[in-house]
Amino acid sequence: MSQDDIIVYEPDTGPPVRVFRPREMRKLIRAIDKNEYKDKLEALLYSAARYTEMRWLYDHPARFKGEAIHLKNTKAKATRGYRYVHLNRQGQRAVENFLRADTNLPTHQVWGRNLKRWCRKADIPPDHACAKSTRKTFESWLVLTYPTRIFEILTSVGHKGTTALNHYLTFPFTEEDREEMKYFVEDW
């Protein structure tokens, strides 16, 4: 792990989670050999959905509404059964491709091993890369890019305000990172 790595340490919610910088995400996507797995990674990224929620969506493709996903909240403490997940154009494309895949996402454990392998192949430290990484990455990029839309972002990803304010606004992203984020979050 280097000093440039961004790791989320959330008390009482499990192990630390790696958050990727935009240049790392580009390298990671290029390192994946199979297009089907690139599609899966991008769908997870652009939706900022929980891993289990995207597994559920694969089995309920009619919940994809083009510009949004009417997604079942899978978190045990969720106060609402469903929420709408907003998608930009890249997210719409990514989810369409994901839903065309021959197979659903693998288990969390298999995905985590794959993600670490792809990180090593892309020359990115794999420490703390896991199924939560894409969700935390995209949410942090959205919050930093659209600070006036925090409530809308948090509603879409199914978080409460304290989560974003306590973590994502304090991440050590550089000005270069912030510029590169725009490619991913444009039109959100």
Neighbour-count ranking [beta-carbon atoms within 10 angstrom, fewest first] of PHE64, PHE173: PHE173, PHE64
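Where nothing but the Cβ of Lys and Arg (+1) and of Asp and Glu (-1) is charged, how large is the charge dipole of the chain around its Cα centre, in debye to the nearest 20? Mind showing how you got there, number by number?
Values: 33 positive and 25 negative charges, 127 e Å.
Charge dipole of the chain: 600 debye, to the nearest 20.
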With the label point 7 Å along the Cα-to-beta-carbon line of ARG117 and a cut-off under 18 Å to each amide N, the hits in region 36-78 are 36-42
Listed by chain and number, the residues whose amide H is under 5 Å from that of ALA129, excluding neighbours fewer than 5 places away on the same chain and using placed H, are ARG18
Each residue of region 43-49 in turn: what ³J(HN,Hα) in whole Hz from Karplus with 6.51, -1.76, 1.60 and θ = phi - 60°, glycine and Pro shown as x? 5, 5, 5, 5, 8, 6, 7
Given H placed 1.01 Å from N in the peptide plane, which residues other than close sequence neighbours of TYR82 have an amide H under 5 Å from its amide H? ASN73
Straight-line reach from LYS65: which lysines have Cα under 27 Å away, leaving out those fewer than 8 places along the same chain? LYS34, LYS38, LYS40, LYS75, LYS77, LYS132, LYS136, LYS160, LYS182
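Every read-out reported here was derived from the displayed coordinates using simple, explicitly stated rules and does not represent laboratory data. In this text the structure is predicted, and so the values were computed from the model without any measurement. Reconstructed Cβ throughout: ideal geometry from the backbone, glycine too, with neighbour counts over all protein chains shown.
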